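Worksheet: one structure, shown below.
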Amino acid sequence: MPKKNLSGDGTAAPIDAWWWLSHKGTTTSFLCISLFALLIRSAVSMFPYSGAGTPPKFGDFEAQRHWMEITTNLPATDWYRNGTQNDLTYWGLDYPPLTAYQSYIHGILLRFFNPESVSLFSSRGHESYIGKLLMRWTVLSSDALIFFPSALFFVLVYHRNRAKSQVAWHIAMILLNPCLILIDHGHFQYNCISLGLTVGAIAAVLCGSEVLTCVLFTLALSHKQMSAYFAPAFFSHLLGKCLRRKNPILSLLKLGIAVIVTFVIVWWPYLHSVDDFLMVLSRLAPFERGIYEDYVANFWCTTSILIKWKKLFTTPSLKSISLAATVLASLPSMVHQIFSPSNEGFLYGLLNSSMAFYLFSFQVHEKSILMPFLAATLLALKIPDHFNHLTYYALFSMFPLLCRDNLLLPYLTLHLLFTLIYHSQLPKTKASSFSFTSFPGYVFLLRTHFFISLVLHVVYLTIQPPQKYPFLFEALIMILCFSFFVMFAFYINYTQWNFSSRFRSADKEKKQI
Amino acid sequence: MDGDRRHLLLWFFAAATAVKLLLIPSYRSTDFEVHRNWLAITHSLPLSEWYFDETSQWTLDYPPFFAYFERFLSLFARLVDPKIVDLRLGLDYSADSVVYFQRITVIFSDLSLLFGVYRLTRKVEPLRRNLICVLVVWSPGLLMVDHVHFQYNGFLLGWLLLSVSFLQDGRDLIGGFLFAVVLCFKHLFAVAAPVYFVYLLRHYCWAGLATGLRRLVALGSVVVAVFAAAFGPFIYNGQIQQVISRMFPFGRGLCHAYWAPNFWVFYIILDKGLAFTLRKLGFDVQVPSASFTGGLVGDSSPFAVLPQITPLTTFVMVLLAITPCLIKAWKKPQPGLVARWIAYAYTCGFLFGWHVHEKASLHFTIPLAIVAVQSLEDAKHYFLVSIVSCYSLFPLSYEPREYPIKVLLLLLHSMVMWLGFSAQYTDEKGLKEKKEGGESKSKFEIGCVEKSYLMGLVLVEVVSQFLHPYFLGDRYAFMPLMLISTYCAVGIMYSWIWQLRKILT
């Protein structure tokens, strides 16, 4: 097969079997791949959602439906208030106002086509063919309207001077993000909106429009407070950039005003009194739920096998400890960005800060791996091998959750699809000065991890756990994933610092990557 | 090089398999229960009762090789869940076990399609080969019919493609043998039998008296052997009459319940139109009592004004339509044109046949994919006909849940075709000085008429899916289907005429 050298940097050309996909430009190949991505999402939507057919509590699907019910039937000020019509113990709203507005809009849509699915009180536990279909279509449309355009924006900005075949691969990696598809279109959530807004903010950083960044990121924060996982990276990068300007105070002021104005516009109904505001805040940070729930592969949950945190400390002190740990973990990356901001360093910073939050924050869920995973997807061309492993372990950390939702087949299929697309075209990485692969025993460590994970897959599906430890297998999966995540976090932090030392002498204002 | 190529074909197949796996929970038609019942019949009953059993309304009506195939599958079915193959307990069984089992058998049987494509494209250059593979293995019509609606077309078409590949290689005996095998799997493929007969006679047996006669005998005995293997046990049991009557149930009407977009749509509309006008003009025109789609006691369909159409009429018309192709095949039998002729034969069978399902459009779209990469005009023609035939399959999966899936499949297919054909026929100059940001100009352009026709498809969809239910609700429920059938029939008639012209020149 004749190979056409499409990349201009003299490295060996990737297989050009995909030239036909990318020869008409980035936007066209994006459109083609997004059609396929939407097809996969529609297909996954046919599978069960979280809490399907499990009264009385059901799951996330019922929570979202209930929020549509509440927002379409009550005035905005009552959405977060406990009352006779709004029982906060039954799936009370615990995301910021933008989620509530989005639920309102979707609720209007549902009410138009299927009123009994959002009528006050009587629609609790409502499960029907058309109800499920409409809900699934709201997620699909949110994805198509918010996540996809942001991804296009990002790709156009990031790939201004890159081989087209690699661009197509990267687009496929972003749009066929297996974790996002399984959680949003399987389990049922609306992460695509907040992640889409975040990607838009990241793209805005890369093309230098910082006011847009602030607006989009504030919107993302107002949709899901988990977007704060990325806040240190944004903050440190923008601060670093502003400090290099002629008039740093003015730049900072501009950004600050953008943030405040956006914030005020979104939170307007809740800013009339301090009480209202605090009421919403208390819903967003349910500290009474404890430092961890279920079996998530982060520091507190994993080490709780040996150190019983909940017994040794009270919740307020655990709050402070986790805050301190999180800040400490994200500090190196923040410091690096403040002193030498760069676009690429920013992307690494996103990954570092989100990993730090995932590992050390309070009340982390398995689904929160989506945040670091998104940052890794954006960096996929730079760290392809590690990205491959991260996908595997991110999916594996959600494996028990997906099994509970009867999403085993989509899990396996999306894994297969990801592997196929990943290997369709392996991008050549520039050899870094230090690679963990040269670290003695690292490859062996990875291989043993992989082997154990395969065994755990089979064991979890076939064998019943012992009576005394009913969650034994979840715990084992958690430990395995945690150990990988820790290795990964070390590697990424190291890479970010290494990056700056290579470019310390070069010009700090990087216009393009 | 060869391993590379095989890897890529396997890659395409694996990607398609991922999509097929995700389609497992989608809508299943009654064909699902039909095949489950056949698993039960072939497993639980002795051979002598296969074509007589009427425990379920879905009686066995495919030739014996398919029955043997179901018997083979039923061995595994029993291991998975014995209730699947139970004749009485398994009726309308729809548990996860049977759904997964049957769906996965379809996915596995698609390997025959992959093998057919592999063999066909062995000597083709890479870009074309990939394009053919994409057009066949990722065919949206095949995905929708086989993996949503539920059938085994991929499996059968694989055998057909294999047969064509041997003919193209010049190995006519094996090609003929494989075609006979396909016939014994599904007799609907017999529409192309005249083409095979004429071609093989002229190309293989027309080689001097001694060799010719020897080859004729060889071919004849191979075909007879295949048929004997299939029908032998039934002839021995004296059941051949019953088998034939099951295979050719002419008690059904001229058109299927969902009108296939073929010639008879126009005939029916013309008849209705004429009847209406004549009635208005005062003539006494009898209103036919039966419908076109329902089965009657007799074999004829009720036309008010125009002459009645019998199965014999349709048979003669199909033969007449294929005749130009047969003459060409006789005059100059070229291996490279076999695919074209076979596709043409199936187009004629689709347009003029009796009780044609719209699923039968797959029989000519898949072989046409091989032809589509041969020239620019073929590519443009294929672009149109594959979109029209895929759209005509939309009414098969009518539930709202599958709506985004079928629309996205069609859009994706159109986009991939456009990109693939543009890449294949791109400007030579643009290819040589390929820069990062440059975009190449392609010779692949759709004509104005074709473009407006395709835009019209969007309009038809909007009217039938959204405007009609909104304004008219449940009244005149046949109108959207009639609209879709008629509009697609125009496209397929155009394709027939185009193919005929291409064959004659």
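The values are calculated or read from the model by the stated rules, or taken from the named source; none is laboratory data. Since the model is a prediction, treat every value here as computed from it, not as a measurement. Backbone-built Cβ (ideal geometry, glycine too); neighbour counts: all protein chains shown. Remember, those area values only see protein heavy atoms, side chains included, never the ligands or the DNA or RNA. Shrake-Rupley method; radii C 1.70, N 1.55, O 1.52, S 1.80 Å.
Of the listed requirements (1) in a loop (DSSP other than H, G, I, E, B); (2) within 12 Å of another protein chain (Cβ to nearest Cβ); (3) touching a Leu at 6+ places or on another chain (Cβ under 7 Å); (4) surrounded by fewer than 21 Cβ atoms within 10 Å (Cβ to Cβ), B:LEU9 misses just one: (1).
Quick grid of which residues meet (1) closer than 30 Å to B:GLU33 by Cα; (2) of a type outside the set (Asp, Glu); (3) buried (at least 24 other Cβ atoms within 10 Å of the Cβ); (4) modelled with pLDDT of 95 or more:
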{"position": "B:TYR118", "(1), (2), (3), (4)": "no, yes, no, no"}
{"position": "B:VAL124", "(1), (2), (3), (4)": "no, yes, no, no"}
{"position": "B:ILE132", "(1), (2), (3), (4)": "no, yes, no, no"}
{"position": "B:GLN151", "(1), (2), (3), (4)": "yes, yes, no, no"}
{"position": "B:LEU160", "(1), (2), (3), (4)": "yes, yes, yes, yes"}
{"position": "B:LEU167", "(1), (2), (3), (4)": "no, yes, yes, no"}
{"position": "B:ASP172", "(1), (2), (3), (4)": "no, no, no, no"}
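Please indicate, with yes or no, whether at least one residue in the range B:83-91 is touching a helix residue (DSSP H, G or I) at 6+ places or on another chain (Cβ under 6 Å), open to solvent by less than 40 Å² (accessible area, probe 1.4 Å) and under 30 Å from A:LEU416 (Cβ atoms). Taking every residue of the range B:83-91 in turn, at least one turns out to be touching a helix residue (DSSP H, G or I) at 6+ places or on another chain (Cβ under 6 Å), open to solvent by less than 40 Å² (accessible area, probe 1.4 Å) and under 30 Å from A:LEU416 (Cβ atoms).
Out of (1) over 18 Å from the mean Cα position of the chain (by Cα); (2) within 14 Å of chain B (Cβ to nearest Cβ); (3) of a type in the set (Val, Ile, Thr), the odd one out for A:ILE108 is which? All conditions pass for A:ILE108, except number (2). For the range B:44-83, a residue qualifies if it is among the hydrophobic types (A, V, I, L, M, F, W, C) and either touching a Ser or Thr at 6+ places or on another chain (Cβ under 7 Å) or under 21 Å from B:SER245 (Cβ atoms) (or both), and the qualifying residues are B:LEU45, B:LEU47, B:TRP50, B:PHE52, B:TRP58, B:LEU60, B:PHE65, B:PHE66, B:ALA67, B:LEU73, B:VAL80. In the range B:99-129, the residue that is farthest from B:THR17 (Cα to Cα) out of those that are more than 14 Å from every other protein chain (Cβ to nearest Cβ) and in contact (Cβ under 8 Å) with a residue 60 or more places away in the chain is B:LEU120.
Only one entry in A:THR89, A:THR99, A:THR138 is surrounded by fewer than 19 Cβ atoms within 10 Å (Cβ to Cβ) and of a type outside the set (Lys, Arg), namely A:THR89.
Okay, residues lined up against (1) touching a residue at least 24 places away in the same chain (Cβ under 8 Å); (2) small (Gly, Ala, Ser):
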residue	(1), (2)
A:SER122	no, yes
A:SER128	no, yes
A:GLY131	yes, yes
A:ALA144	yes, yes
A:HIS159	yes, no
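Here is a yes/no grid of residues against (1) within 24 Å of B:LEU312 (Cα to Cα); (2) among the polar types (S, T, N, Q); (3) at pLDDT 90 or above; (4) within 22 Å of the chain's Cα centre (by Cα):
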{"site": "B:VAL217", "(1), (2), (3), (4)": "no, no, yes, no"}
{"site": "B:GLY220", "(1), (2), (3), (4)": "no, no, yes, no"}
{"site": "B:ASN237", "(1), (2), (3), (4)": "no, yes, no, no"}
{"site": "B:ALA260", "(1), (2), (3), (4)": "yes, no, no, yes"}
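Restricted to the range B:346-391, and to residues there that are outside any helix (DSSP H, G or I) and polar (S, T, N, Q), the residue that is farthest from B:GLY116 (Cα to Cα) is B:SER375. As a summary of the residue check, A:LEU253 satisfies the conditions (1) over 30 Å from A:SER209 (Cα atoms); (2) free of Cβ contacts under 8 Å to residues at least 60 places away in the same chain; (3) surrounded by fewer than 13 Cβ atoms within 10 Å (Cβ to Cβ) except for the one numbered (1). Would the range B:389-401 turn up any residue that is among the hydrophobic types (A, V, I, L, M, F, W, C) and within 12 Å of another protein chain (Cβ to nearest Cβ)? No, the range B:389-401 has no match at all. Can you list residue pairs whose Cβ atoms sit under 6 Å apart, with the first residue in the range B:208-229 being open to solvent by 40 Å² or more (accessible area, probe 1.4 Å) and the second being among the hydroxyl-bearing types (Ser, Thr, Tyr)? Count only pairs 6 or more apart in sequence or on different chains. Listed pairs, sorted by first residue: B:ARG215/B:TYR204. Where helices (runs of 4 or more DSSP H) sit wholly within the range A:283-350, those with at least 2 residues that are of a type in the set (Gly, Ala, Ser) occupy A:315-339. The set of residues in the range B:12-33 being away from chain A (no Cβ under 14 Å) and crowded, with 19+ Cβ neighbours inside 10 Å consists of B:PHE32, B:GLU33. Can you tell me which residue is farthest from the chain's Cα centre (by Cα) among those in the range B:402-425 that are without any contact (Cβ under 8 Å) to a residue 60 or more places away in the chain and within 7 Å of chain A (Cβ to nearest Cβ)? Checking each candidate, the answer is B:SER422.
Is it the case that B:GLU70 is surrounded by 21 or more Cβ atoms within 10 Å (Cβ to Cβ) and either away from chain A (no Cβ under 14 Å) or touching a residue at least 60 places away in the same chain (Cβ under 8 Å) (or both)? Here the answer is yes, as B:GLU70 does meet what is asked. Could you check B:ASP4 against (1) crowded, with 19+ Cβ neighbours inside 10 Å; (2) assigned to a helix (DSSP H, G or I) and say which number it fails? Every listed condition holds for B:ASP4 apart from (1).
Note on the range A:19-33: residues that are more than 7 Å from every other protein chain (Cβ to nearest Cβ) and buried (at least 23 other Cβ atoms within 10 Å of the Cβ) amount to 4.
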